[in-house]
1. Would you mind stating whether Pro114 is within 14 Å of the ligand (Cβ to nearest atom) and either modelled with pLDDT of 95 or more or closer than 19 Å to Ile230 by Cβ (or both)?
2. Going by the conditions given, is Lys352 more than 19 Å from Thr86 (Cα to Cα), basic (Lys, Arg) and more than 26 Å from the chain's Cα centre (by Cα)?
3. Across region 161-186, what is the total count of residues that are within 17 Å of Thr63 (Cα to Cα), more than 10 Å from the ligand (Cβ to nearest atom) and either among the hydroxyl-bearing types (Ser, Thr, Tyr) or touching a His at 6+ places or on another chain (Cβ under 7 Å) (or both)?
4. Of the residues Ser376, Ser361, which single one is small (Gly, Ala, Ser) and surrounded by 13 or more Cβ atoms within 10 Å (Cβ to Cβ)?
5. So Trp317 passes all but one of these: (1) surrounded by fewer than 17 Cβ atoms within 10 Å (Cβ to Cβ); (2) of a type outside the set (Val, Ile, Thr); (3) out of contact with any helix residue (DSSP H, G or I) (no Cβ under 7 Å at 6 or more places or on another chain). Which condition number does it fail?
6. Within the bounds of region 332-339, is there any residue that is within 26 Å of Tyr184 (Cα to Cα) and assigned to a helix (DSSP H, G or I)?
7. Being under 16 Å from Lys153 (Cα atoms), within 14 Å of the ligand (Cβ to nearest atom) and assigned to a helix (DSSP H, G or I) is the filter here, so list the residues in region 65-111 that pass it.
Amino acid sequence: MPGFELYGNEERKELQDVLDNGVLMRYGFDGMRNGHWKAKELEKLIEQKFQVKHAQLTTSGTTALNVALSVLGIGYGDEVILPTFTFVASFEAILMAGAIPVFVDVDESLTLDPIAVEKAITPKTKAIMVVQMCGSMAEMDTLMAIAKKHNIKLVEDACQAIGGTYKGKVLGSIGHAGCFSFDYVKTITCGEGGAMVTNDTELYNLADNLTDHGHDHIGSDRGAETHPFIGYNYRISELHAAVGVAQIRKLDTILEIQRRNKKIIKDILSEIPELKFRKIYDLAGDNASFLSFFMPSIEQNNQLVTAFKTNGVGEFWNYYDNNWHYIRRWNHLKEAKFLYPISAEVKLALQKFSMQTFHQSDDIMGRNMSTLIKLSWTEEEVNIRAQKMAQAIKSVLN
Ligand SMILES: *Cc1c(COP(=O)(O)O)cnc(C)c1O
């Protein structure tokens with residue numbers, strides 16, 4: 001997954017352009033910057049690469065989600081559906097918007113179960129937040145049809161699936177708004193950064209203003225601009241954007257290496273009949289940053305954690321036991337620990353949710369093992385890793 005493994009001269013060159021002129025901010029200072037507009041350049045590259053009309057950079061994937069919800073007009077009293085398996089940023093962004101997170105089960109794709117989504121829709125539902133977890137996608141056709149039928153919005157969190165596709169469309173570009181993260185461990189990185197993309201020019205214009213204190217960005221005198229509505233500062237710096245410019249040019253190479261490495265491991269593990277792989281709706285579109293599979297039982301999956309450690313297999317996640325990605329251990333949320341007052345509606349929703357058990361998700365996540373695919377492995381290292389993994393799995397199954 002991590003683009004930082006390919007950090008090198010290309011990133012240094014882009015950074016040097018910014019360091020040479022000293023304009024570290026994305027707006028203004030036209031005369032000083034020697035024609036370098038790294039944030040604008042990265043937005044253009046994202047639009048071209050992801051085949052989407054507009055890209056708006058932000059400070060992070062989390063703030064990109066917050067921007068997406070805001071420009072869609074989602075806030076106080078609105079419900080947003082999201083999966084039980086995601087990164088905490090999903091519910092953080094919903095709560096920051098003042099909206100109510102409504103958790104629903106995942107299926108064996110490790111993404112939203114469309115049946116569970118439809119069951120959770122109420123008159124208050126304003127959006128579905130689809131999270132393309134671990135490099136691969138939800139069943140987008142079905143989810144888009146549900147959104148259309150109920151006249152609600154679909155926000156795609158494609159933070160972990162950069163460069164992945166579904167039926168030829170780039171993940172993140174399918175919903176009403178899509179979000180990417182370029183934090184340090186993502187498929188491509190800016191150090192910190194994110195982007196919201198959309199094909200809706202109206203939404204984009206709102207995002208462009210919102211991310212810069214509501215500046216209207218009309219004319220060339222920043223001091224003379226007006227503020228049509230209340231915004232905030234979500235601006236990425238030129239330094240971060242410069243790294244992103246170099247990284248996005250490497251995306252095809254990154255995907256190629258990931259896919260090659262993943263295939264080697266998957267082919268070897270496919271010889272173990274008891275192992276079931278994660279459901280991937282469009283195999284060709286998998287960004288291949290992870291290999292995820294299911295052990296026959298939760299108990300065996302726990303044994304596999306020990307066996308992997310014994311065999312020297314690193315970079316694996318048993319998300320069932322992890323307090324960043326799976327609902328079971330989100331105690332800070334279940335106990336509603338906030339530094340500030342929250343609305344009665346949100347409080348009530350969180351109380352209800354803290355008493356809920358997600359049997360389907362528990363069964364799936366309890367058996368799930370996810371392993372990272374690295375870029376820096378040599379072909380020999382990938383083969384050795386695959387053999388070690390296979391040995392560990394067999395030792396548990398036998
Ligand atoms: C990383 C990530 C985010 C948040 O991105 P940041 O840039 O770290 O704020 C959101 N959602 C998912 C699924 C992520 O993996």
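The values are calculated or read from the model by the stated rules, or taken from the named source; none is laboratory data. Here the structure is a predicted model, which means the values were calculated and not measured. All Cβ positions, even for glycine, are placed from backbone atoms using ideal geometry, and neighbour counts span all protein chains on display.
1. Working: within 14 Å of the ligand (Cβ to nearest atom): no; either modelled with pLDDT of 95 or more or closer than 19 Å to Ile230 by Cβ (or both): yes.
It is false that Pro114 is within 14 Å of the ligand (Cβ to nearest atom) and either modelled with pLDDT of 95 or more or closer than 19 Å to Ile230 by Cβ (or both).
2. Numbers: more than 19 Å from Thr86 (Cα to Cα): yes; basic (Lys, Arg): yes; more than 26 Å from the chain's Cα centre (by Cα): yes.
Against the criterion (more than 19 Å from Thr86 (Cα to Cα), basic (Lys, Arg) and more than 26 Å from the chain's Cα centre (by Cα)), Lys352 qualifies.
3. 0
4. Ser361
5. (1)
6. Step one: of region 332-339, the residues within 26 Å of Tyr184 (Cα to Cα) are 332-333.
Still in the running and assigned to a helix (DSSP H, G or I): 332-333.
For region 332-339, residues within 26 Å of Tyr184 (Cα to Cα) and assigned to a helix (DSSP H, G or I): present.
7. Leu65, Asn66, Val67, Ala68, Leu69, Ser90, Ala93, Ile94
Residues are listed down the side, and each one gets a yes or a no for (1) within 16 Å of the ligand (Cβ to nearest atom); (2) farther than 20 Å from Asn287 by Cα; (3) among the β-branched types (Val, Ile, Thr):
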position	(1), (2), (3)
Glu156	yes, no, no
Cys159	yes, no, no
Ile188	yes, no, yes
Glu202	no, yes, no
Val243	yes, yes, yes
Gln247	yes, no, no
Thr253	no, no, yes
Ile257	no, no, yes
